[in-house]
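Derivation of every value follows stated rules applied to the coordinates shown; laboratory data play no part. Note that the structure is predicted; figures quoted are calculated from it, not measured. For neighbour counting, all protein chains shown are included, and Cβ atoms are generated from backbone atoms with ideal geometry for every residue, glycine included.
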Amino acid sequence: MSNDNRISAVLSDEDVAAVQGALATIRGALPFLATLSAQERKELPRLGAKSVGFDEKCVTYMANRAQFVPGFVDLAEVQKDRSLRTQLLRFAAELQTLAASVDDTVQLVSSEVWMADLAYYQSVREAAHRGRDGAQDVYDDLRQRFPGPRGTRAAPEPAAA
């Protein structure tokens, strides 16, 4: 295990407070942020990279041939949406990258903690098997995380016919 300690860092309480304050400031500046369900994300139409050219043409046509704009389309609201989209895109990628890096770091340090826990568990298990004082109680408590006979896994359920 040559990569047992890929992260070795400490955040001070002040740094944690500063990050939380910065996040609160960002949330405060974006009080209109929406939260979509997985189903909504799946169902909503998208204005992706391939559709931007179409949208740019629609901007021109809607301005120059307004007689074809449906009555239920509020051009002022559409323009507000376009402007907001442009503004959000100026920092969305950076926030996504930052969130992914935080997630990756949490996964990495969690893995390091888990590997240390498993190493300790194996050491306690060996000590209990050798009859070391105090090891059996610790082993009995920790082994509850791994139910079943040692070295076996439950067989998968047979598929229903």
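Each residue of region 35-48 was assigned a 3J(HN,Hα) from its phi angle through the Karplus expression (A = 6.51, B = -1.76, C = 1.60, θ = phi - 60°), giving 10, 9, 6, 4, 5, 4, 4, 6, 8, 5, x, 10, 9, x Hz with x at Gly and Pro. For region 101-114, 3J(HN,Hα) computed residue by residue from phi via the Karplus equation (6.51, -1.76, 1.60; θ = phi - 60°) reads 5, 5, 4, 4, 5, 4, 5, 5, 5, 5, 4, 5, 5, 4 Hz, glycine and proline entered as x. Under a GNM of the chain (C-alpha, springs under 10 Å), which listed residue has the highest mean-square fluctuation: Thr60, Thr86, Thr105? Ranking Thr60, Thr86, Thr105 by mean-square fluctuation puts Thr60 first.
Most fluctuating residue of Leu108, Leu88, Leu23 in a GNM of the chain with Cα springs under 10 Å: which is it? So, out of Leu108, Leu88, Leu23, the one fluctuating most is Leu23.
Over all pairs of different C-alpha atoms in the chain, the reciprocal of the mean inverse distance, the Kirkwood hydrodynamic radius, equals 22.8 Å. Annotation: extensible slack from Asp55 through Asp103 equals 13.9 nm (criterion: 0.36 nm per residue apart, minus Cα-Cα distance). Going by neighbour counts of Cβ atoms within 10 Å, the residues Phe91, Phe72 line up, fewest first, as Phe72, Phe91.
With the simple spin-label model, which puts each label point 7 Å out from Cα in the Cβ direction, the Met115 to Gln87 separation comes to 4.5 nm.
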